[in-house]
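> Input: one structure, supplied below.
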Amino acid sequence: MNAMMQRLRSSYASGLTRPLAWRIKQLTQLSQLVDDHEQALLTALATDLGKSAAEGWLTELGFLKSDIKHTIKHLPRWNKPKRVSQPLLAAPGRSYLHPEPLGVVLIIGAWNYPIQLLLSPLVAALAAGNCAVVKPSELAPATAAELARLLPDYLDSAAVQVVTGGADVAQQLLAERFDHIMYTGGGRVGKIVMKAAAEYLTPVTLELGGKSPAVVLADADLAVTARRIAWGKWINAGQTCIAPDYVLVDERVHDAFIEQLRSAISEFYGMDAENATDYGRIVNVQHCQRLIDYLADGTIAIGGRADKALRYIEPTVLTNVSADSKLMQDEIFGPLLPIIKVPHLAAAIEFINSREKPLALYGFSKSARSLQQLTEQTHAGNQCNNDTLMFMLNPELPFGGVGPSGMGRYHGKFGFDTFSHHKAVMVRPFWSDPSFRYPPYTSFKQKLLRWFS
Ligand code: NAD
C-alpha cells in the first residue's frame, strides 16, 4: 500500500493529471470499458444482486455513460478560472477562482449499485485532475472482481489504482494520507471514515442513507403515485439508498392506495415475483434474515413470502406498523414497504421532523401549495415531488444527504467542485500604489479609507 501511495503521489506531483487532454482521455477510456465489457459487467451485477440486464443498464452502465458524456462536454467550461468582481479599495486589479485538483483521493464504494457508486465519483475525481484509489465493496464480489480486472486495462495505472477487500483493507487504506475521501455506505462506517480522516484533517464526502419517506395526500393521482412508488421501492429489490423507505398516506385514501400498489406490483412483476425477469435478489443471507425479522413488525397487506436460501423476498407491503418498531427505526434497505396512516399533511410533516433528516423525500399531491409546504417545512438531502428516484437523472441537480444522511454532494459540476479546490486568486499591477492605505494613518487617510471601503 505504501508503494502504491508513493507511486500515486509522485504521478500527481509530476503534473500527469493536470492537462485536460489527459483527463478527457481517461473519461473516454472509462466509457469505452463499459462498451467493450457491457455483458461481463451485467453478468456480474446479476450474480451479485440478481439485477436484470435492463435494470443494470438503466441504473448503472447507462447512468455512468451519460455521466461521462455530460462531464466531457462541460469540463472545459468547469475548469476555466471564474472571474469575480474587484472591490474599490483593491482596485486596480482582478480576482478569480482558479480550480485546482486536490491530489490523491480515496473512493470507497457500496454494494447496492456497485458500479455506479464507485465509478461516478471516479469520473468527478478524474475530471478534476486527481489521482485516485478506488475500493469496491466486498459484498458485491463478482462486480468487484470484474472492476479490478478491467480498470487497469483502460485507465492510466500511474494515476488510478483499484484495491479490493473488506473492512480490514478499507482500514489499511484509511490509515494512509489522502487529500479527500469519498465514502458511500452506512452511517456506522461513515463515523469510522471521518475519524480516520480527522487524523490528517482530510476533508470527506459521506454519501450515507436513512429512512426516506413518501407522503401521499388525498388529492394525489393514486394510480400514478402507486406505480411510481412501486418502481422506486422495488427496483434492485428495495436496496436503493433513496428508495421510499415508508409511506405516510392520508387515511381517507389508505385502502385505495394499497389496492393501487397491488395492481402496480402485479403489473411489474406478475403474480409471482420470484420468476419475474426484472426482480432482484437480496445481497446476502444475513441481510435476508434481517429483513425477514422485520416481517413480524406489522400486518402483511401484500406479499410476505421469502426464501432465504435463494435470497428472495417478495415485494411486501405492511400496515399497522408501530412508529417504535425496529422496522420503523432502522433503514429497511430491502423490499418491505410500511404504510402509515396520517390525518393530514401537517401530521405527516410532524412525523418526518420528529426523525433524522432523510436522504430523500417524496411528496404526492395535485396541490402545488401542499407540495410547497412539504418542501418548506421539512429537511432532506433531495426532494422529488410526484415521483421517486428521477431526480438522479438530472446532472444539474446535486446528490447528497444532510445531517445523518450525509455531507457533501456530487453529480455533474457538483462532483467536479467536490474534487477541486477553487483557489481564490487576486492579481494587482505595480503601476498604482497610492499611499493612503499605508501607515501612518492620518485623519485624511482614514477618511479616504472609510470612503473607499
Ligand atoms: P457496504 O457494506 O458495501 O460498505 C460500504 C463500504 O465500507 C465497503 O467498501 C466496505 O468495505 C467499507 N467498510 C465496511 N466496514 C468498514 C470498516 N469497519 N472500516 C472501513 N470501511 C469499512 O455498504 P453498506 O454500509 O451496507 O451500505 C448500505 C448503506 O449505504 C445504507 O445505509 C444505504 O442507504 C447507504 N447508501 C448510500 C448511498 C448514497 O449514495 N448516499 C448509496 C448506497 C448506499
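Any read-out appearing in this document is the output of simple, stated calculations on the displayed coordinates, not a laboratory observation. All values derive from a computational prediction rather than experimental measurement. Cβ coordinates were reconstructed from backbone atoms using ideal geometry, including for glycine residues, and neighbour counts include every protein chain displayed.
> Nearest 10 degrees is fine. How inclined is helix 38-49 to the longest principal axis of the chain, computing both from alpha carbons?
Long axis of 38-49 versus the principal axis of the chain: about 60 degrees.
> Roughly how many whole Å is it from the C-alpha centroid of segment 421-453 to that of segment 1-49?
About 48 Å separates the Cα centre of segment 421-453 from the one of segment 1-49.
> Can you tell me the orientation of helix 116-127 relative to the chain, as the angle in degrees between its alpha-carbon axis and the longest Cα principal axis, to the nearest 10?
So the helix axis and the longest Cα principal axis differ by about 10 degrees.
> Kindly rank 110-117, 302-309 from highest to lowest mean number of other beta carbons found within 10 Å of each residue.
Sorting 110-117, 302-309 by mean packing, highest first, produces 110-117, 302-309.
> For a Förster distance of 60 Å, can you work out the FRET efficiency between the beta-carbons of Leu89 and Leu310, rounded to the nearest 0.05? Could the numbers behind the result be given before it?
Values: r = 72 Å, r/R0 = 1.19.
After rounding to 0.05, the efficiency reads 0.25.
> Give, rounded to the nearest 20 debye, the magnitude of the charge dipole that segment 213-393 has about its Cα centre when Lys and Arg contribute +1 at Cβ and Asp and Glu contribute -1 at Cβ.
On the way: 16 positive and 22 negative charges, 40 e Å.
My answer is approximately 200 debye.
> Moving on. Given Cβ point charges of +1 (Lys, Arg) and -1 (Asp, Glu) and nothing else, what value in debye, to the nearest 20, does the dipole of the chain about its Cα centre take? Kindly include the intermediate steps, with their values, before the conclusion.
Working: 45 positive and 42 negative charges, 530 e Å.
Roughly 2540 debye, rounded to the nearest 20.
> Just order 337-349, 355-367, 227-239, 85-97 by mean Cβ neighbour count inside 10 Å, highest at the front, would you? Walk me through the numbers before you get to the answer.
Numbers: 337-349: 19.4, 355-367: 22.3, 227-239: 23.9, 85-97: 12.6.
Answer by packing, highest mean first, reads 227-239, 355-367, 337-349, 85-97.
> A further question on this structure: If I take R0 = 22 Å and measure r between the Cβ atoms of Gln372 and Ala223 in this structure, what FRET efficiency does the formula 1/(1 + (r/R0)^6) give, to the nearest 0.05? Walk me through the numbers before you get to the answer.
Values: r = 24 Å, r/R0 = 1.08.
For R0 = 22 Å, the calculated efficiency reads 0.40.
> On a 25 Å Cα-Cα criterion, which of the cross-link pairs Lys326/Lys366; Lys211/Lys341; Lys65/Lys135; Lys80/Lys357; Lys80/Lys191 come out too long? Write out the running numbers ahead of the final one.
Working: Lys326/Lys366 33 Å; Lys211/Lys341 17 Å; Lys65/Lys135 20 Å; Lys80/Lys357 35 Å; Lys80/Lys191 35 Å.
Pairs exceeding the cut-off: Lys326/Lys366; Lys80/Lys357; Lys80/Lys191.
> Taking the C-alpha atoms of segment 40-154, how large are the radius of gyration and the largest Cα-Cα span, Dmax, in Å?
According to the Cα coordinates of segment 40-154, Rg and Dmax are 18.9, 64 Å.
> Additional query: If packing is taken as the average number of other Cβ atoms within 10 Å across a peptide's residues, how do 177-185, 277-285 rank, most packed first?
Details: 177-185: 23.8, 277-285: 19.3.
Listed from highest to lowest mean packing, they are 177-185, 277-285.
> Calculate how large, on average over all directions, the projected area of the Cα convex hull of the chain is; give the answer in nm² to one decimal. Write out the running numbers ahead of the final one.
Working: hull surface 104.4 nm².
One quarter of the hull surface, i.e. the mean projection, equals 26.1 nm².
> Counting Lys +1, Arg +1, Asp -1, Glu -1, what net charge surrounds Lys51 among other residues with beta carbon under 11 Å of its beta carbon? Before the final figure, lay out each step's value.
Values: positive: Arg281; negative: Asp48, Glu55, Glu60, Asp278.
It works out to a net charge of -3.
> Taking Cα atoms of segment 213-393, Rg/Rh with Kirkwood Rh, to two decimals? All intermediate terms of the calculation are to be shown ahead of the outcome.
On the way: Rg = 15.2 Å, Rh = 16.2 Å.
Rg divided by Rh gives 0.94.
> Can you tell me what share of the DSSP beta bridges in segment 213-393 is antiparallel? A percent to the nearest 5 is fine.
Working: 5 of 23 bridges.
Rounded to the nearest five, the antiparallel share is 20 percent.
> Additional query: Where does helix 2-14 land angle-wise versus the long Cα axis of the chain, in degrees 0 to 90, nearest 10?
Computed tilt is about 50 degrees.
> Which of the listed residues, Ala276, Gly381, Ile302, is farthest toward the dipole's positive end in segment 213-393, when Lys, Arg count +1 and Asp, Glu count -1 at the beta-carbon?
Gly381
> I've got another one for you. Placing +1 at every Lys and Arg Cβ and -1 at every Asp and Glu Cβ, with all other atoms neutral, what dipole size does segment 3-79 have around its Cα centre, in debye to the nearest 20?
640 debye
> Let me ask another. Separation of segment 255-302 and segment 122-147 by C-alpha centroid, Å?
Segment 255-302 and segment 122-147 have Cα centres spaced 31 Å from each other.
> Among Thr17, Gly62, Gln32, which residue has its Cα positioned farthest towards the positive end of the charge dipole of segment 5-74, with +1 placed on the Cβ of Lys and Arg, -1 on the Cβ of Asp and Glu, and the dipole taken about the Cα centre?
The Cα lying farthest towards the positive end belongs to Thr17.
> For the chain, with the dipole built from +1 on Lys and Arg beta-carbon atoms and -1 on Asp and Glu ones, taken about the Cα centre, which of His287, Gln260, Ala125 lies farthest toward the positive end?
Ala125
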